[in-house]
Amino acid sequence: MTPRQSNRRLVPAYLATGGRATPSRNTLDRLSLLRSADMPITSEVRPEEHRILELLQPGALSLAEVAAHLGLPVSVAKVLVADLVDAGRLYARVPIPVAEQFDRQILERVLDGLRSLKS
């Protein structure tokens, strides 16, 4: 058996979500930053969700990183993460859109202008 064959999933990935293909919220992005809410893990948490919560215990990860660690497609991880966010077990922060990010060069020019006014 080759290493590639030993890593194959025995169960299709979509079964991890109960057959659902769309998440309950469409605000999640592959770059969304996920953080555990530090709630105790109970028996109602499914095994896949349990693995996500364990991954996030040391600190925050992006949705894409979580999917890669679990060996799941991002779309499947997105459904699982949305369920955990809805249950209050995870916090998700979406990335700042490019249009809302600050342009460093403009800020530096404004700062230079303000410094020249001061002198």
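The values are calculated or read from the model by the stated rules, or taken from the named source; none is laboratory data. Nothing here was measured: the structure is a model prediction, and the numbers come from that model. Cβ: placed from backbone, ideal geometry, glycine included. Neighbour counts: every protein chain shown. Just the protein is used for accessible areas: all its heavy atoms, side chains included, with ligands, DNA and RNA removed. Shrake-Rupley method; radii C 1.70, N 1.55, O 1.52, S 1.80 Å.
Test ALA64 against the stated conditions and say whether it is open to solvent by less than 30 Å² (accessible area, probe 1.4 Å), in contact (Cβ under 8 Å) with a residue 24 or more places away in the chain and of a type outside the set (D, E, K, R). Explain how you work it out, then say what you get.
On the way: open to solvent by less than 30 Å² (accessible area, probe 1.4 Å): no; in contact (Cβ under 8 Å) with a residue 24 or more places away in the chain: yes; of a type outside the set (D, E, K, R): yes.
Criteria not met by ALA64.
Hey, does region 89-96 have a residue that's aliphatic (A, V, I, L, M), closer than 20 Å to ASP38 by Cβ, crowded, with 21+ Cβ neighbours inside 10 Å and within 10 Å of the chain's Cα centre (by Cα)?
Let us first name the residues in region 89-96 that are aliphatic (A, V, I, L, M), namely 90, 92, 94, 96.
Restricting the remaining residues to those that are closer than 20 Å to ASP38 by Cβ gives 90, 92.
Remaining after also requiring crowded, with 21+ Cβ neighbours inside 10 Å: 90.
In the following step, the residues that additionally are within 10 Å of the chain's Cα centre (by Cα) were identified as 90.
Scanning region 89-96 turns up at least one residue that is aliphatic (A, V, I, L, M), closer than 20 Å to ASP38 by Cβ, crowded, with 21+ Cβ neighbours inside 10 Å and within 10 Å of the chain's Cα centre (by Cα).
Starting from residues that are open to solvent by 100 Å² or more (accessible area, probe 1.4 Å) and modelled with pLDDT of 80 or more, keep the ones in region 97-119 and report whichever is nearest to ALA37 (Cα to Cα). Among residues in region 97-119 that are open to solvent by 100 Å² or more (accessible area, probe 1.4 Å) and modelled with pLDDT of 80 or more, the one nearest to ALA37 (Cα to Cα) is ARG104. Of the residues making up region 47-60, just one is over 19 Å from ASP86 (Cβ atoms) and either open to solvent by less than 80 Å² (accessible area, probe 1.4 Å) or touching a Gly at 6+ places or on another chain (Cβ under 9 Å) (or both), namely GLY59. Among the residues of region 37-64, those that are modelled with pLDDT under 90 and of a type in the set (Val, Ile, Thr) comprise ILE41, THR42, VAL45.
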